[in-house]
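To start, the structure itself, in structure tokens.
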Amino acid sequence: MLNYIRADLYRNFNRKYFWIYTGILSLIGFLTIILFKMTGALPNKDLNSALGVITLVLIIPIYLIPAFIEMVTSDEQKSQTFKNVVSFGVTRNTLVISKIISTIILAASSAFIILSVFLISGLIVLGGPSNLLLEFTIRFLAASVLWIGAIAVGTFMALIFNSSNIFAFAYAMIFLVTRTVIGLLGIFISDKFSYINDILITTKLDALIKLPLSNGTVSDAILLGAAYTVVFTVLSMILLKNKEIK
């Protein structure tokens, strides 16, 4: 499994797509800092205020994740090269776990670069240190577990669809629409649907963004993210076990 993960990472770290994608997002982060400095977008032009604004958009990485899943899983699914991998003795369960781990490492590497550019440019341009950095870090790490859960969900969906475009559209619709649909069902049909709403990844991310930081908020996010990761990893294994690999 380690050899397969290494091969996956080597292939993707040597693709221009990964570095261009990471570079564009890093540039956006840098330009955001410059914008904060040049305009009245922040009440106080310091790193504390910038971190406060970034905390409000912790849900955005959910919609950036499909690019990494596409690099690691969808691309191989579309190219129909899974058969070659399996023929070399990699079990289907190992393949699933490897794909999820590779995607996590790839996304984490990109996030580290983007966040480093943002924080360093923020310290230089806006000044610091920030007394909100610890709180931001805790929120970010708790959100990361939910993002990993989203990676597991996305990998499951990528194994269903051969088309990267269909996968990306279906993934976006699930995370954009599901919460709204369940909310409407709760209003017009039964308030019991609110229980489903409480176990959505987007709901827990929203809580991390808006609610005061507490042990309950953080632990709920971590437990739900871990649950999604386990459940959809198992579902991906079952799917691939029963799927004909061409």
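The values are calculated or read from the model by the stated rules, or taken from the named source; none is laboratory data. Computed from a predicted model, the values in this text were never measured in an experiment. Positions of Cβ are backbone-derived with ideal geometry, glycine not excepted, and every protein chain shown enters the neighbour counts. Please note that ligands, DNA and RNA were not included when accessible areas were found on the heavy atoms of the full protein model with its side chains. Shrake-Rupley method; radii C 1.70, N 1.55, O 1.52, S 1.80 Å.
General remarks:
- Summing Lys and Arg as +1 and Asp and Glu as -1 over all other residues whose Cβ lies under 14 Å from the Cβ of Asp220 gives a net charge of +1.
- Shape category assigned to segment 72-118 from the gyration tensor of Cα positions, a/c cut at 1.5: prolate
- The chain shape via C-alpha gyration tensor axes, a/c threshold 1.5: oblate
- At an R0 of 30 angstrom, the distance between the Cβ atoms of Phe112 and Asn242 translates into a FRET efficiency of 0.25.
- With R₀ set to 45 Å, the beta-carbon distance separating Asn14 from Ser219 gives a calculated FRET efficiency near 0.70.
- Per residue accessible area of segment 1-126, 1.4 Å probe, in Å²: 51
- With the simple spin-label model, which puts each label point 7 Å out from Cα in the Cβ direction, the Ile160 to Ala227 separation comes to 2.0 nm.
- Rolling a 1.4 Å probe over the protein heavy atoms leaves Met173 with an accessible area of roughly 70 Å².
- Dipole of the chain, positive direction: furthest Cα of Thr103, Leu132, Val86, with charges on the beta-carbon: Val86
- Cα-based shape type of segment 139-212, given that a ≥ b ≥ c are square roots of the gyration tensor eigenvalues and the cut on a/c is 1.5: oblate
- Local electrostatic count at Ile59 - Lys and Arg +1, Asp and Glu -1, tallied over other residues with Cβ under 13 Å: +3
- Exposure of Trp147 as accessible area (Å², to 10), given a probe of 1.4 Å and all protein chains: 30
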